[in-house]
Amino acid sequence: MKPITVGQLLPSRRELLKYGGMGLLGASVGAVAPLRLRATPPTDTPRGTALNVIFFEISGAISHVDSFDFKENAATQADFDVRKTPTGIYLPHALFPRIEKVLDRVAIVRTLQSHEEVHLRGEYYVQAGRQLNIAFAREIPSVGSVVAAELESQRKDSDTFPTYVSFNLEANQTGALSTGFLPPKHSVFDLNPEAALEGMALDQHATELLEERWRLLSQLRDSQRERLQSYGREVGAFEDFSETGKNLLTDERWPSAFKLTAEDKERYGNSKVGVSCALTRNLLAQNGGTRYVHVCHFGWDHHKEIWDKSKDDNHYKLIADFDPALASLIEDLSTTPSPETPGKTLLDETLVVMMSEFGRTPGPLNHMAGRDHHNHTFPALFAGAGIKGGLVMGETDAEGRFCKDPGWAVKDQPRIENVVSTIYSALGIDASKSVRNLPSGRTYTYVDPLGANGYISTNEIAELYG
């Protein structure tokens, strides 16, 4: 009888770890001298109201004028059933029946503006918190990796889960960004939700076999440590990833996080994004060390046939997946006890942010019955961690084309940089920090005040807290 291998015992787990490594494979930028950190007096004192952040990216851009900045126009569909909500906004009830019920826990900023108007650059901007600069790009980490690095000192011995986890980032045009100048250990662990559900538990024999092989591998590494170190960051990156994988394989909380009931699947919607949101809830509830989760819901780029029900790909279909997924996530976070603080819920300690990379063109549909890219104004939704529910900030014109009132103390429209500052502030991170002597000789500031056309505000959106 041939010996049983770990690979034969764990096909789905190995597939899962393959997806988890995607953010790490491009992590190295070569040898980096000791980095120098500098903090200037922050514009805003970090709030520290959140232990966790969930960033929900609508990749490809939802039509804002048909959703969270609704404007009646020639393309408004007869079956939308538009109603005024208790929060004072109009919303197509037929499209968002579940989200409509949680708007009292959600704040909406309707006047964001983006520097970008193409998807790859816009999705990079969302993930990195700054514009794409090809000369500098290899050194730039994602916001999630910065969070992982900043929160590293807070990790407990029992924290075996990666700090930064994502779902479906490999599906968008940018993919999962590397850690840039940061150590590879702060990489994203990108998960395919379908693979994650296929089977996560190890039996006793597999655990014993894994532990024995790990012991032998560790001995080999220790004997060759000096030689391996000469190979630079690449070897260290794979050692970090191997260590993470081994810890996950032997932590009982990890397979528990990937179990969903039939009721879960029904409530969240048995779709990729629905499963991703349900698993996000589970990851935070297990309290294994994951603090930043990026959920990517891709496919929204409808330049044609945006409301054509005869087509397989349209906004109707995507909203039908999106509505129960996000609503159920907010509902469950608000009723799940915090594993850290008695008397609080996960929503009390988790900042949830939902946005696209830009909006879609207002007014009548284009010649292909779709909507094109629009970066002049678009909305973002926020909930939890002290955010004032039911708040609606900012006002656009009658078409939803341009900003009438930015809705906050700064005279200019808020940008993605301000969303990033809000995330950092909620986690207690000083957004004014800068890192010097990167390989390029440049300085990396956590939130860059140099925008496309000069200096921009890097304030958090303080008005979200009422």
Inset, instruction - Read phi for every residue in the range 301-306 and hand back ³J(HN,Hα) as whole Hz from Karplus 6.51 cos²θ - 1.76 cosθ + 1.60, θ = phi - 60°, with x for Gly and Pro. - result: 7, 9, 6, 9, 6, 5
Inset, instruction - Among the lysines, select those whose C-alpha is under 29 Å from the C-alpha of Lys304, and discard any that sit fewer than 8 residues away in the same chain. - result: Lys71, Lys84, Lys272, Lys317, Lys404
Inset, instruction - Kindly rank 120-127, 398-405, 377-384, 83-90 from highest to lowest mean number of other beta carbons found within 10 Å of each residue. - result: 377-384, 120-127, 398-405, 83-90
Legend entry - Vicinal HN-Hα couplings computed from phi for the range 275-282 (Karplus, 6.51 cos²θ - 1.76 cosθ + 1.60; Hz; Gly/Pro x): 5, 4, 5, 5, 5, 4, 4, 5
Inset, instruction - Compute the length gained on full extension between Ala409 and Lys317: take 0.36 nm times their separation in residues and subtract their Cα-Cα distance, giving the result in nm to one decimal. - result: 29.3 nm
Legend entry - Spin-label model distance (nm) - Tyr455 vs Glu117, 7 Å beyond Cα toward Cβ: 2.7
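Each value in this text was obtained by applying a stated rule to the coordinates, not by laboratory testing. A quick note: this is a predicted structure, and the numbers were derived from the prediction, not measured. For neighbour counting, all protein chains shown are included, and Cβ atoms are generated from backbone atoms with ideal geometry for every residue, glycine included.
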